[in-house]
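Novice: The structure under discussion is supplied below as structure tokens; questions concerning it will follow.
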Amino acid sequence: MATGLPKTKWRGRPQPPTGNRGVSEVCLGYAGKKAVSDILATPPASIRQLWPDYGHSQTPNRLYYGENLSVLAALRHDACVRGKVRLVYIDPPYCTKSIFQSRDQNDAYVDLLEGAHYLEFLRERLVLLRELLADDGSLYLHLDDNMAFHAKVLMDEVFGQANFRNWITRKKCNTKNYTHKTYGNVADYILFYTKSDDYVWHRPVTPWNDTSAKKEYQYVEPGTGRQYKKVPVHAPGVRHGETGQLWRGQPPPPGKHWQYPPRTLDELDARGEIYWSPTGNPRRKIYLDQSTGIPVQDIWLDFRDAHNQNIAVSGYPTEKNSDMLAQIIQASSNEGDLVLDCFAGSGTTLSVASQLGRHWIGVDNSPAAITTILKRFAHGLQPMGDFVNAREAVPGDTKEEGNQLALFTEAGRQGPQVAIAPATYRPILDFTLLASEPNRGDLEEALELWRDRTGDMRVLRVGETHAAYGVKEPSVGRRPRHNAHGKNPPSPSIKKTRQTKNARCPKKPSKP
Ligand SMILES: C[S@@+](CC[C@H](N)C(=O)[O-])C[C@H]1O[C@@H](n2cnc3c(N)ncnc32)[C@H](O)[C@@H]1O
């Protein structure tokens, strides 16, 4: 709706009258579009557990290495997951016709599907994801301008146009010095849909600071010292009930009605919450101390990707901003809820969900992605730096140069490990790593490294014993590497929501 137009919705019959049922729906037609029933009949993946080597982790958190279509089809038959996922965030390939490499020059994933093939790839997954969502769940789809517009129409088909909530524009990178004959492209898009109109929602706000508070709340109430702003006491549209009547002898302005019945306006006035102008016009006072902050709008400027901010990174290409994921997860889920990302990449969603006390399921079919996720879970992100091995830094370097790190130093492989994670970083070990056949072979090296890392962590943490993790000390005769495969140390937040009975099944979704 353009600004300046009254927000009065037409509540009458559809205009013009429709002849055939459903004729007003818009569908995207393309070659190879399957029937929904065919998509729902996708054969489920056959799944094998890779880690822990025996038993299960005590939480429902799962990381799948495999093609997400068949994994989603398998999850559809899993009573712990179907209809129980409170939030899906996906950041699939964007149809860029590119091969993406990690910063260590290894192939990470390919993005080569085009046109109808791309759209059907996306649609198949959206159809299955909708099945996994709880009735009060939400799905966020992150894309750029290649396919976002086509995807909006597909999402309307799959979720219903009425369940479209927002088209969020995100500033993804710094301003560019463009050489093309176009405006610089710094935006990508997040499409926010819900499964129904009764969905989990915690409105995110930006807290006030001195400057923004003074700008918005310009007045100070004599006596109380409370900062306030003045807003109209009337709203657009003529009403013939109480709110259309005279109040204190005044009618509402032409084309408007009072926001409250005269009785309520009297109560507000009695409490001193009405400001009367010298010419006798009433305005309502809104106080700063009653506001938690500025509601977040649908243009996000503060979540540029890590690579554009010189902060900590995983080194995986197209890694998304953790703070952005935190905002999405906090807005659309509760603690203890199940969050799913089936294009997990470097594991941003999974890692942030874990920090925020949510359970999670991640899927990716790239060995580089799973390797990155395991490394991130073990050590956290690494400081952004150039490709300079810390061992090469020489005395006399500037502080910054001296701090430049070999970004992808492998633990225990290339000399001393350099400040790979803040001392407070709590490794994420409470999950099960699974693979859909026939993928499981490609991860042997990453798994070996993971076992080494997690084993080391338990041995090397100063002042901590295995008991601190709820793990028995490895006994003589037990393979030392496997001392990490018992119960995993819960992060403080996860501990609060840990399941007691059927530990692998997330708890029944609760209303917000
Ligand atoms: C844009 S990246 C996701 C980045 C992620 N949001 C992050 O913050 O790191 C897309 C990911 O989807 C994965 N992917 C693409 N097609 C897939 C498929 N069919 N099944 C599973 N994963 C897939 C790729 O391997 C890649 O890691």
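Novice: Answer yes or no: is there a residue in segment 167-187 that is closer than 27 Å to D78 by Cβ and either without any contact (Cβ under 8 Å) to a residue 12 or more places away in the chain or touching an Asp or Glu at 6+ places or on another chain (Cβ under 9 Å) (or both).
Specialist: Scanning segment 167-187, I find no residue that is closer than 27 Å to D78 by Cβ and either without any contact (Cβ under 8 Å) to a residue 12 or more places away in the chain or touching an Asp or Glu at 6+ places or on another chain (Cβ under 9 Å) (or both), so the answer is no.
Novice: Could you list all residues from segment 103-137 that are of a type in the set (F, W, Y) and touching a strand residue (DSSP E or B) at 6+ places or on another chain (Cβ under 8 Å)?
Specialist: Correct list: Y109 only.
Novice: Ok, one more. Output yes when any residue across segment 74-89 is over 17 Å from D341 (Cβ atoms), aliphatic (A, V, I, L, M) and modelled with pLDDT under 95, and no when none is.
Specialist: Checked segment 74-89: no residue is over 17 Å from D341 (Cβ atoms), aliphatic (A, V, I, L, M) and modelled with pLDDT under 95.
Novice: Counting just the residues of segment 329-345 that are among the charged types (D, E, K, R) and closer than 20 Å to L129 by Cα, which one comes out nearest to the ligand (Cβ to nearest atom)?
Specialist: Only one residue fits best here, namely D341.
Novice: Return the residue satisfying two criteria in turn: it lies in segment 291-328 and is assigned to a helix (DSSP H, G or I) and within 10 Å of the ligand (Cβ to nearest atom), and of such residues it is farthest from S351 (Cα to Cα). Quick ask: steps written out before the conclusion?
Specialist: Here is the first cut: in segment 291-328, the residues assigned to a helix (DSSP H, G or I) are 306-308, 322-328.
Okay, now just the ones that are also within 10 Å of the ligand (Cβ to nearest atom), so 306, 322, 324-325.
Working: A306: 15, S322: 8, M324: 13, L325: 10 Å.
The qualifying residue farthest from S351 (Cα to Cα) is A306.
Novice: Continuing with the same structure: Please go through segment 138-168 and pick out each residue that is touching a helix residue (DSSP H, G or I) at 6+ places or on another chain (Cβ under 7 Å) and either basic (K, R) or part of a loop (DSSP other than H, G, I, E, B) (or both).
Specialist: M147
Novice: Across segment 346-392, what is the total count of residues that are of a type in the set (D, E, K, R), away from the ligand (no atom under 13 Å from the Cβ) and either within 14 Å of V313 (Cα to Cα) or modelled with pLDDT of 95 or more (or both)?
Specialist: Total satisfying the criteria: 2.
Novice: Let me ask something else. Where in segment 176-274 are the strands (runs of 3 or more DSSP E), entirely inside, with at least 1 residues that are more than 35 Å from the chain's Cα centre (by Cα)?
Specialist: Once the strands (runs of 3 or more DSSP E) in segment 176-274 are filtered for at least 1 residues that are more than 35 Å from the chain's Cα centre (by Cα), what remains is 227-232, 234-236, 256-258.
The values are calculated or read from the model by the stated rules, or taken from the named source; none is laboratory data. Computed from a predicted model, the values in this text were never measured in an experiment. We place every Cβ from the backbone using ideal geometry, glycine too, and count neighbours over all the protein chains shown.
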